[in-house]
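Okay, so here's the structure we're looking at.
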Amino acid sequence: MKLTNIVGGIVLIAVASYAALVMAHGVDKRTKKMTYFKQASKMELAAMNLQGANAFLSDVVSSNDPEAPITCGLFRIEKGKSLTYTYGYDEAKIIIDGEMTVDDGSTKVTATPGDILFFPKGSTITFNSNSKGTGFICGQRERDGA
């Protein structure tokens, strides 16, 4: 084998490994460029498999700052059994599609597109929907930490 082929192979492996690391763990904070996710609101969301509820969540982007992590993604709840979740972190949710009923035990609202909700760490929230609702989420947590 020629030396140029070996060096080229090593460079290719290094670049591919770096790209895989960034995609698996969020945006590389060493870069100063924005990241663009075209039509992210239409992406397929992973089932949460909690309490038999029709709830789905996918993290889309995360910081790599261990002292102040932040993760953003999408959450959807569909008609059926409600989901009760206790937050171990602060989170904001902006409803982007449909509707969802959100109840903290003292206040109950039906949130619709454009509504913003904030859940402080330690709050217990029950979600359900008469149809389905999707929200953009942003929480002070590591990726896949929900």
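The values are calculated or read from the model by the stated rules, or taken from the named source; none is laboratory data. A quick note: this is a predicted structure, and the numbers were derived from the prediction, not measured. Don't worry about glycine lacking a Cβ; one is built from the backbone with ideal geometry, like all the others, and counts go over all protein chains shown.
Structural remarks
- Scan of the stretch 45-81 for residues that are part of a loop (DSSP other than H, G, I, E, B), closer than 18 Å to CYS138 by Cα and in contact with a strand residue (DSSP E or B) (Cβ under 8 Å, 6 or more places away or on another chain), ordered by number: LEU45, ALA46, MET48, SER63, PRO69, ILE70
- Test result for LEU50, of a type outside the set (Asp, Glu), in contact with a Phe, Trp or Tyr (Cβ under 9 Å, 6 or more places away or on another chain) and within 11 Å of ALA146 (Cβ to Cβ): yes
- Lone unmet requirement of (1) within 16 Å of PHE136 (Cβ to Cβ); (2) surrounded by 15 or more Cβ atoms within 10 Å (Cβ to Cβ); (3) at pLDDT below 95; (4) of a type outside the set (Gly, Ala, Ser) for VAL102: (3)
- Residue in the stretch 87-107 that is in a strand (DSSP E or B), touching a residue at least 40 places away in the same chain (Cβ under 8 Å), of a type in the set (Ser, Thr, Tyr) and on the phi < 0 side of the Ramachandran plot present: no
- Looking only at the stretch 30-79, and only at residues there that are loosely packed, with under 11 Cβ neighbours inside 10 Å and of a type in the set (Asp, Glu), the one that is nearest to ILE94 (Cα to Cα): GLU44
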